[in-house]
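A.B. asks: First the structure, then my questions, so here it is.
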Amino acid sequence: MEKRLVLLDFDGTITRKDTLFEFIRFYHGDRRYYGGIMLLSPVLMALKLRLISKQRAKERVLQFFFSGTPLKEFNTKCSYFATNIIPRLIRASARALISRELNEKSVVVVVSASPENWVKPWCDGLNIHSLATRLEIVDDKITGRIYGSNCRGEEKVRRIRAVYELESFQRIVAYGDSRDDREMLALADEPHFRTL
């Protein structure tokens, strides 16, 4: 049987919506979420105009909503979100693809810029692997900063290569939906852009 590595982006590929913003809304409720987005609109506009990096913009959003949040409380909410909310956001085609690849004994890995705090629990529930953005923790509290680099673009490739010996796979398949996935798609024998 062919040894396959299947790499999947999460937000927009497996899911129908960006889970960072869905998580913020779940965590804080509509009023705080929409109020916060209004206050952060200059940051989001600067990102759209490419005046600041995606990592910096993400950190500003995370700092606004979560700086000082105890890690235990944050992770409890993340686990609930992974178990009860994320399943509603999953594309049926992604669910079928993952099931099919697991039946074929493929190594399935979700590679995501979203925080591992909710990506990993969701992946663990399906017995698939995950590589995702790590959040900085100081004194058991979320700082709102990213630990290391946001898991996008070249960082996705670096993280994949750090864990998997690519030469040991007979076929690498990758799925992505944005420019942040291009480098990961370039690793694949079989790249899929915006198709599952």
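The values are calculated or read from the model by the stated rules, or taken from the named source; none is laboratory data. This one's a predicted model, so the numbers in the text were calculated from it and none came from an experiment. When we count neighbours, we look across all protein chains shown, and the Cβ atoms used for this are built from the backbone with ideal geometry, even at glycine.
A.B. asks: Do the conditions hold for ILE90, that is, is it under 14 Å from the mean Cα position of the chain (by Cα), within 23 Å of LYS58 (Cα to Cα) and aliphatic (A, V, I, L, M)?
C.D. replies: So ILE90 passes the test.
A.B. asks: Right, next: Considering every residue within the range 87-106, establish whether at least one is closer than 26 Å to GLU154 by Cβ and in contact with a helix residue (DSSP H, G or I) (Cβ under 6 Å, 6 or more places away or on another chain).
C.D. replies: no
A.B. asks: If you go through the range 171-196, how many residues are in contact with a Leu (Cβ under 8 Å, 6 or more places away or on another chain) and assigned to a helix (DSSP H, G or I)?
C.D. replies: 2
A.B. asks: Another one. If you take the residues of the range 139-170 that are of a type in the set (Lys, Arg), outside any loop (DSSP other than H, G, I, E, B) and under 15 Å from the mean Cα position of the chain (by Cα), which of them is surrounded by the fewest Cβ atoms within 10 Å (Cβ to Cβ)?
C.D. replies: Of everything passing the filter in the range 139-170, ARG159 is surrounded by the fewest Cβ atoms within 10 Å (Cβ to Cβ).
A.B. asks: Could you please find all residues in the range 181-196 being over 11 Å from ASP9 (Cα atoms), touching a strand residue (DSSP E or B) at 6+ places or on another chain (Cβ under 8 Å) and at pLDDT 95 or above?
C.D. replies: Residues satisfying the conditions are LEU187, ALA188, ASP189, GLU190, PRO191.
A.B. asks: May I pose another question? Inspect all residues belonging to the range 31-38 and state whether any of them is of a type in the set (A, V, I, L, M), in a helix (DSSP H, G or I) and exposed (fewer than 12 other Cβ atoms within 10 Å of the Cβ). Can you show your working first?
C.D. replies: Taking the range 31-38 first, the residues of a type in the set (A, V, I, L, M) are 37-38.
After this cut, where a residue has to be in a helix (DSSP H, G or I) as well, the list is 37-38.
Next cut, exposed (fewer than 12 other Cβ atoms within 10 Å of the Cβ) only: 38.
Within the range 31-38 (the criterion being of a type in the set (A, V, I, L, M), in a helix (DSSP H, G or I) and exposed (fewer than 12 other Cβ atoms within 10 Å of the Cβ)), the answer is yes, since at least one residue qualifies.
A.B. asks: Additional query: Only one of these is aliphatic (A, V, I, L, M) and over 15 Å from the mean Cα position of the chain (by Cα): VAL107, VAL111. Name it. Full working, then the answer.
C.D. replies: Numbers: VAL111 fails: over 15 Å from the mean Cα position of the chain (by Cα).
Sole residue among the options that is aliphatic (A, V, I, L, M) and over 15 Å from the mean Cα position of the chain (by Cα): VAL107.
A.B. asks: Kindly provide the set of residues from the range 116-138 that are in contact with a strand residue (DSSP E or B) (Cβ under 8 Å, 6 or more places away or on another chain) and in a loop (DSSP other than H, G, I, E, B), ordered by number.
C.D. replies: ILE128, ARG134
A.B. asks: Which of the residues spanning the range 93-109 are of a type outside the set (Asp, Glu), assigned to a helix (DSSP H, G or I) and surrounded by 16 or more Cβ atoms within 10 Å (Cβ to Cβ)?
C.D. replies: The answer is ALA94, LEU97, ILE98.
A.B. asks: Would you confirm, using the coordinates I've provided, whether GLU73 is in a helix (DSSP H, G or I), crowded, with 16+ Cβ neighbours inside 10 Å, at pLDDT 95 or above and among the charged types (D, E, K, R)? Walk me through it before giving the result.
C.D. replies: On the way: in a helix (DSSP H, G or I): yes; crowded, with 16+ Cβ neighbours inside 10 Å: no; at pLDDT 95 or above: yes; among the charged types (D, E, K, R): yes.
So GLU73 does not fit the description; no.
A.B. asks: Output the number of the condition that SER112 fails; it satisfies all remaining conditions of (1) over 17 Å from ASP18 (Cα atoms); (2) outside any helix (DSSP H, G or I).
C.D. replies: (1)
A.B. asks: Regarding the range 169-184, can at least one residue be identified that is over 20 Å from VAL108 (Cα atoms) and without any contact (Cβ under 8 Å) to a residue 60 or more places away in the chain? Walk me through how you get there before you give the answer.
C.D. replies: The initial filter retains those residues of the range 169-184 that are over 20 Å from VAL108 (Cα atoms), namely 179.
With without any contact (Cβ under 8 Å) to a residue 60 or more places away in the chain added as a condition, the list becomes 179.
So far as the range 169-184 goes, yes, one or more of its residues are over 20 Å from VAL108 (Cα atoms) and without any contact (Cβ under 8 Å) to a residue 60 or more places away in the chain.
A.B. asks: Still on this structure, please answer the following. Scan the range 24-44 and report the pairs whose first residue is closer than 18 Å to GLU59 by Cβ and whose second residue is of a type in the set (A, V, I, L, M) and outside any helix (DSSP H, G or I), with Cβ atoms within less than 9 Å and a gap of 6+ or a chain change.
C.D. replies: Hits for this filter: VAL43/ILE52.
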